[in-house]
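**Q** Let me begin by handing over the structure; questions about it come next.
The values are calculated or read from the model by the stated rules, or taken from the named source; none is laboratory data. What you are looking at is a predicted structure, and each value in this text was computed from that prediction instead of being measured. Note: ideal-geometry Cβ built from the backbone for every residue, glycine included; neighbour counts use all protein chains shown.
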Amino acid sequence: MTRCLAAVVGGGVIGGGWAARFLLHGWDVNVVDPDPAAERKLNEVLTNARRSTPGLYEHELPAEGKLRFCSELRDAVAGANWIQESAPERLDLKQRLLADIQLHSDEDAVIGSSTSGFKPSELNQQLKRPQQLLVAHPFNPVYLLPLVELVGDSSTVARASEHLRGVGMFPLHVRQEIDAHIADRLLEAVWREGLWMINDGIATTEEIDDAIRYGFGLRWAQMGMFETYRVAGGEQGMAHFIAQFGPALKWPWTKLMDVPELNDSLIDAIATQSDQQSGQYSIRELERLRDDNLVSILRALKPRDWAAGQLLNRFDHRLAAELKPAADGPLISVRRVIPIDWTDYNGHMNESRYGQVFSDAADAVMAAVGADLDYVAGGNSYFTVENRIRYIEETCAGDSIVVRSQVLLGQGKKLRLLHEMCHADGRLLCTDEQMLIHVNLETRRSSEPTPEVLAAVEQLAAAHNGLPVPDYVGG
Ligand SMILES: NC(=O)c1ccc[n+]([C@@H]2O[C@H](COP(=O)([O-])OP(=O)(O)OC[C@H]3O[C@@H](n4cnc5c(N)ncnc54)[C@H](O)[C@@H]3O)[C@@H](O)[C@H]2O)c1
């Protein structure tokens, strides 16, 4: 993957998240922020990001980039490919900062602003090259949530999108500039209603959050609004849904544009209820809880190749293409980080997940001999008939692992493999001797591989023939 340099101007909640996303996807990052506590806070965010983000993928991310704190803006932005302004939401401050950024940065650098609500035409007032600036509006935590709304010149948006896909994000081109873009416009409407319900004593902060997280929040995560309503219309679909609920839009179900006055008593009510709801956790604890939940939800969308899960799968293909086959020695069949959701009540990787790792290792060996997904679609495959797993050392969430796979026997229908799973620091964690048998998927019976696959199996077996076979094999 291309190694780039990003400059993050303003390293608070959002700037820190951007820095973590860029660094963990292999970019170098310069940060500038006048707050003396910025470095400490950003490093805490980075620690949280390191424990969650790599586990989104089934392959190892590129080596982490280098982080540098700069005291001067011009040092931070010089030579950067991407500059992300994430300073407080004040138009005059952003306009001045952006002009200063443009003065000291390369003409072909992308300048993004994280603004939640300002339009490019407001932000670029003091710029010599206004088309260089984009709104690049992300979501917290930026290191996990893929969406970034892009508003601005379409050729700059196209160039920026390529960069963002390279760090696993989903760029959404907002084709027409509006206040608050698409997502915050929606969120404002929902937030306004929540504030009214607290103001009118109808519900507490916790009850409102329960109404979201036990219900429509789960639907939104995988189908959004309109696809969900299409399904809710039953067999007659969207037309029926609109006929049924359309008239309600004119009933007093919402407060529409009215906003309750955010006076001291309303602010106090919200703060007190919020403390009762989650005051027992520190912000960093809540962030870790949130991250663990997000990783599990995002990973759960992968098997159906749906919504954000599809994006993760595509990024996995990108990472897999970077895997270099070993010139000699066993095949490197898996190189990944253990995700949070593979851990059990004993605080280590559950035994069932070792089966997953070795199944993935066998898939990689199959792909290496041409028995890939196209081969399977053509009616042939290998089935595992025996595993002998030896658990040597504990494996924990966040551990980087490598699996080396050696062909012990590749003859006719038989493929016997030895997988050794090691920690990135070299410790042997687990081994698996695995017997696979070639199968015809139509008859569901054992069969000979195609001549091409058989030749590739025999060639790999011959290449591995001289490798040492550990004493425990066959024991
Ligand atoms: N918090 C969110 O959920 C969220 C989501 C999306 C976008 N945004 C947008 O991101 C931007 C930053 O918001 P935040 O929540 O990270 O705020 P924040 O207060 O956490 O961070 C702002 C940072 O900017 C620094 N700063 C102030 N003046 C600066 C200057 N002259 N140069 C460099 N840094 C300076 C501050 O010290 C602070 O660390 C805003 O435009 C906001 O609308 C926020």
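**Q** Identify, by number, the condition in (1) β-branched (Val, Ile, Thr); (2) near the ligand (Cβ under 10 Å from one of its atoms); (3) free of Cβ contacts under 8 Å to residues at least 40 places away in the same chain that Val29 doesn't meet.
**A** All conditions pass for Val29, except number (2).
**Q** Please go through the stretch 63-80 and pick out each residue that is touching an Asp or Glu at 6+ places or on another chain (Cβ under 9 Å) and within 19 Å of Ala37 (Cβ to Cβ).
**A** Across the stretch 63-80, the qualifying residues are Leu67, Arg68, Phe69, Leu73.
**Q** Which helices (runs of 4 or more DSSP H) sit wholly inside the stretch 212-324 and have at least 3 residues that are surrounded by 12 or more Cβ atoms within 10 Å (Cβ to Cβ) and over 32 Å from the mean Cα position of the chain (by Cα)?
**A** Helices (runs of 4 or more DSSP H) meeting the threshold: 237-245, 264-278.
**Q** Looking at Arg74, Arg40, Arg21, Arg68, which is the one that is more than 10 Å from the ligand (Cβ to nearest atom), within 29 Å of Glu122 (Cβ to Cβ) and exposed (fewer than 15 other Cβ atoms within 10 Å of the Cβ)?
**A** Exactly one of Arg74, Arg40, Arg21, Arg68 is more than 10 Å from the ligand (Cβ to nearest atom), within 29 Å of Glu122 (Cβ to Cβ) and exposed (fewer than 15 other Cβ atoms within 10 Å of the Cβ), namely Arg74.
**Q** What pairs come out if I take residues in the stretch 383-394 that are in contact (Cβ under 8 Å) with a residue 12 or more places away in the chain and pair them with residues that are surrounded by 14 or more Cβ atoms within 10 Å (Cβ to Cβ) and among the aromatic types (Phe, Trp, Tyr) whose C-beta lies under 6 Å away, six or more apart or interchain?
**A** As it stands, the answer is Ile389/Tyr354, since those pairs meet every condition given.
**Q** Same structure again: Take Ala7 and tell me if it is outside any helix (DSSP H, G or I) and either within 9 Å of the ligand (Cβ to nearest atom) or closer than 20 Å to Ala136 by Cα (or both).
**A** In short, yes.
**Q** Let me ask something additional. Yes or no: Arg50 more than 15 Å from the ligand (Cβ to nearest atom), within 28 Å of Val334 (Cα to Cα) and among the basic types (Lys, Arg)?
**A** yes
Per-residue answers, yes or no, for (1) surrounded by 18 or more Cβ atoms within 10 Å (Cβ to Cβ); (2) in the same structural domain as Ala362 (by TED's automatic domain parsing):
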site: Leu418; (1), (2): yes, yes
site: Met421; (1), (2): yes, yes
site: Ala424; (1), (2): no, yes
site: Arg427; (1), (2): no, yes
site: Arg444; (1), (2): no, yes
site: Val473; (1), (2): no, no
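**Q** Just the residues that are among the β-branched types (Val, Ile, Thr) and crowded, with 19+ Cβ neighbours inside 10 Å, please, taken from the stretch 359-395.
**A** The initial filter retains those residues of the stretch 359-395 that are among the β-branched types (Val, Ile, Thr), namely 365, 369, 376, 384-385, 389, 392, 395.
Result: Val365, Val369, Thr395.
**Q** If a residue has to be of a type outside the set (Ser, Thr, Tyr), more than 12 Å from the ligand (Cβ to nearest atom) and part of a loop (DSSP other than H, G, I, E, B) to count, how many in the stretch 85-107 make the cut?
**A** Of the residues in the stretch 85-107, 2 are of a type outside the set (Ser, Thr, Tyr), more than 12 Å from the ligand (Cβ to nearest atom) and part of a loop (DSSP other than H, G, I, E, B).
**Q** Quick one: which strands (runs of 3 or more DSSP E) lie wholly within the stretch 331-423 and hold at least 3 residues that are charged (D, E, K, R) and either at pLDDT 95 or above or under 27 Å from Ala455 (Cβ atoms) (or both)?
**A** It comes to 380-391, 414-423.
**Q** Let me ask something else. Hey, Lys414 hits all of (1) charged (D, E, K, R); (2) over 26 Å from Glu60 (Cβ atoms); (3) under 36 Å from the mean Cα position of the chain (by Cα) but one; which does it fall short on?
**A** All conditions are met except number (3).
**Q** Can we say Leu127 is among the aliphatic types (A, V, I, L, M) and more than 30 Å from Glu60 (Cα to Cα)?
**A** Yes: the conditions hold for Leu127.
**Q** I would also like to ask the following. Could you tell me how many of the residues in the stretch 34-49 are touching a helix residue (DSSP H, G or I) at 6+ places or on another chain (Cβ under 7 Å) and of a type outside the set (Gly, Ala, Ser)?
**A** Here the count works out to 6.
**Q** Anything in the stretch 426-459 that is out of contact with any strand residue (DSSP E or B) (no Cβ under 6 Å at 6 or more places or on another chain), part of a strand (DSSP E or B) and without any contact (Cβ under 8 Å) to a residue 40 or more places away in the chain? List them, or say none.
**A** Result: Arg445, single match.
**Q** I'd like to check something: does the stretch 354-366 contain any residue that is within 22 Å of the chain's Cα centre (by Cα), without any contact (Cβ under 8 Å) to a residue 24 or more places away in the chain and not assigned by TED's automatic domain parsing to the domain that holds Arg50? I'd like the intermediate steps shown before the answer.
**A** Filtering the stretch 354-366 down to residues within 22 Å of the chain's Cα centre (by Cα) leaves 356-357, 360.
So of that shortlist, the ones also without any contact (Cβ under 8 Å) to a residue 24 or more places away in the chain come out as 356.
Keeping just the survivors that are not assigned by TED's automatic domain parsing to the domain that holds Arg50 gives 356.
The answer is yes; a qualifying residue exists.
**Q** Residues Gly79, Gly65: which one is part of a loop (DSSP other than H, G, I, E, B), touching a Gly at 6+ places or on another chain (Cβ under 7 Å) and among the small types (Gly, Ala, Ser)?
**A** Details: Gly79 fails: touching a Gly at 6+ places or on another chain (Cβ under 7 Å).
Just one listed residue meets the conditions, Gly65.
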